[in-house]
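Asks: Structure in structure tokens, see below.
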Amino acid sequence: MIRKLVFAGLVLFAAAALVVFLPLFYRHQSPACKQRGANFETRVERLKQDARKSLAIGNKKDAVIRFFAENGLPAGFLKGEVTGTVTVSGCAPAGCGSDLALFGMRVAVDNQGTVIAAPVVGAVYTDCL
């Protein structure tokens, strides 16, 4: 009899814990949110592919500047590298406070602005745990 009561208490405790904690890990994503998220992922993947094709080692400064401009990235030159980052709205996963995201890229260049290494593209949601 005591075993049954203990088991029932554990089951009740587990059910209560699910009711309390499950909403913390669930985040409703509307169709519009999901579409923004898909657009964000597509844009990042396309940037990665285009950067590999267009910014090969040896490309000159004008090609680098043109690539950044064509992809909506502000080009900033600083100590041997060109970087550009933009803020967009995506569809953040659970654990994030908002849908705000950053994506951008950097590419190493020499003193004349010629590409000397493969570009690096990155993306992240801004306020996730």
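Asks: Taking neighbour counts of Cβ atoms within 10 Å as a proxy for exposure, in what order, fewest first, do D62, D99 appear?
Replies: Ordered from fewest to most neighbouring Cβ atoms within 10 Å, D62, D99 come out as D62, D99.
Asks: To continue, here is another question. Got a sec? Charge dipole of the stretch 27-125, +1 on Cβ for Lys and Arg, -1 for Asp and Glu; which of A118, A108, T42 is way out at the positive end?
Replies: Farthest towards the positive pole: T42.
Asks: Same structure again: Would you pull out the residues with amide H under 5 Å of D127's amide H, same chain only if 5 or more places away, H placed 1.01 Å from N?
Replies: Amide H neighbours of D127, under 5 Å, 5+ apart: G97, S98.
Asks: A further question on this structure: Taking just the alpha-carbon atoms of the stretch 27-125, what radius of gyration and Dmax come out, in angstrom?
Replies: Values for the stretch 27-125 (Cα only, Rg and Dmax): 15.1, 49 Å.
Asks: Under a straight-distance cross-link criterion of Cα-Cα below 26 Å, which lysines are reachable from K34, leaving out those fewer than 8 residues away in the same chain?
Replies: Within the straight-line limit of under 26 Å, K34 reaches these lysines: K48.
Rule-based calculations on the coordinates, nothing more; no lab input. Predicted model only: the values in this text are computed from it and were never measured. Glycine also receives a Cβ, built like all others from the backbone with ideal geometry; neighbour counts cover every protein chain displayed.
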